Amino acid sequence: RPRIGVLALQGDVREHSRVLTDLGADVLSVRRPGDLAAVSALVLPGGESSVIDKLSRAFGMREPLRAAIAGGMPVLGTCAGLILLADRLEDGIVGQQTFGGLDVTVRRNAFGSQTESFETDLEVPAVGDPRVKATFIRAPIVSEVGPSAEVIARLPDGGVVGVRQGGVMGLSFHPELDGERRFHKLLLDAARDA
Ligand code: GLN
């Protein structure tokens, strides 16, 4: 059984753990640097990216996480997790840092107060049919895509809400809240291949 970590500093850790368990993975809540050595892939959950950033530094996790991602560990980040994977942040709070891994720029809370939260169906060829039910909650958007990253999901208006670079995948939405398991399945496949 593949052993998959969920970064458990803040955010919707339980929902991700549930999906991974349902897919037959062994799930480890990652809180300490040593935990990383025990997993073959990692999930960065939704939550509040600035809080996860601060806690990762307080717990001595920032550099180990950066190193693991740069070293090729497969990662799935949703919402705040996408923000943490972005190489560039348009509007973080003062001093906010990311782990990097995706050659993109991300804008936080990109949908304004009128649409803090919404749902839509997305066509995502990387996971096939049927369409993905996508829930956006104070969601970020990818505002610029560099040459190393590949777009995997767009809103009907063209806005980029899913990107991939090697085994690293970032989504603006929350498959873990919608019974959508196909992205986690891709992560398990990448863990097996890595
Ligand atoms: N707005 C949050 C952030 O900046 C992300 C929201 C989410 O993960 N649902 O981190």
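Which percent, nearest 5, of DSSP beta bridges in the chain are antiparallel?
50
So, with +1 on the Cβ of K and R and -1 on the Cβ of D and E, and no other charges, what is the size of the charge dipole of region 3-193 about its Cα centre, to the nearest 20 debye?
Here region 3-193 has a charge dipole of around 540 debye.
May I ask for the Rg/Rh ratio of region 26-140, computed from Cα atoms with Rh as the Kirkwood radius, given to two decimals?
Over the Cα atoms of region 26-140, Rg/Rh equals 0.98.
Over the residues of region 100-194, compute the C-alpha Rg and express it relative to 2.2 N^0.38 Å.
1.05
Return the loop-located GluC sites (Glu not before Pro) in region 102-140 (DSSP other than H, G, I, E, B) with at most 16 other Cβ atoms within 10 Å of their own Cβ; answer none if there are none.
Passing both the DSSP loop test and the Cβ count: E116, E123.
Per residue and in Å³, how big is the convex hull formed by the alpha-carbon atoms of the chain?
104
Take the chain, connect every pair of alpha-carbon atoms lying under 10 Å apart with a spring to form a Gaussian network, then pick out the residue of L23, L102, L76 with the largest mean-square fluctuation.
Most flexible of the set in this elastic network: L23.
Work from the charge dipole of region 40-130 (Cβ charges, +1 for Lys and Arg, -1 for Asp and Glu, about the Cα centre) and give the residue of T98, G46, S56 farthest towards its positive end.
Of the options given, the answer is S56.
Once Rh for region 27-69 is found with the Kirkwood sum over Cα pairs, what is the Stokes-Einstein diffusion coefficient at 20 °C and 1.002 mPa s, in µm²/s?
Taking Rh from Cα pairs, D becomes 198 µm²/s.
Helix-only estimate, please: 222 nm mean residue ellipticity of the chain, summing -39500 (n - 2.57) across DSSP H runs of length 4 or more and dividing by its residues, to the nearest 500.
On the way: 6 runs with 51 residues, N = 194.
My calculation for the chain gives -7000 deg cm²/dmol from helical runs alone.
Only the coordinates and a few stated rules stand behind these numbers; no lab work does. Being a predicted model, the structure only gives us computed values, none of them experimental. Every residue, glycine among them, receives a Cβ derived from its backbone with ideal geometry; neighbour counts consider all protein chains shown.
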